[in-house]
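The values are calculated or read from the model by the stated rules, or taken from the named source; none is laboratory data. Everything numeric here is computed off the predicted structure, so don't read it as measured data. Cβ placement follows ideal geometry from the backbone for every residue including glycine, while neighbour counts extend to all protein chains displayed.
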Amino acid sequence: MRISADRDRCEGHGMCEALLPNVFRVDETGTVRVLVDEVAETDLADVRLAVDSCPVEALGLAPD
């Protein structure tokens, strides 16, 4: 699975980074950056939680 991030929609709340700092980072402009190209199967449940926790729905998951 791949993570998509709508940087225009992101408001920099940082919920994703708080849950998975090794996968998400809110940069100096206040928008999310995805730090991994692909989600490992072992991390999928945690990534889904982070995606679902985004208050502005700026994150998504898509099959490869």
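Here are some notes:
- Single residue of region 28-46 satisfying the filter (crowded, with 17+ Cβ neighbours inside 10 Å and over 10 Å from the mean Cα position of the chain (by Cα)) that is modelled with the highest pLDDT: Thr31
- Filter result for Leu49 (out of contact with any Gly (no Cβ under 9 Å at 6 or more places or on another chain), assigned to a helix (DSSP H, G or I), modelled with pLDDT of 95 or more and surrounded by 13 or more Cβ atoms within 10 Å (Cβ to Cβ)): yes
- Once region 1-27 is narrowed to residues that are touching a residue at least 40 places away in the same chain (Cβ under 8 Å) and outside any loop (DSSP other than H, G, I, E, B), the residue that is surrounded by the most Cβ atoms within 10 Å (Cβ to Cβ) is Cys16.
- Test: Val56 is surrounded by 11 or more Cβ atoms within 10 Å (Cβ to Cβ), modelled with pLDDT of 95 or more and under 10 Å from the mean Cα position of the chain (by Cα): no
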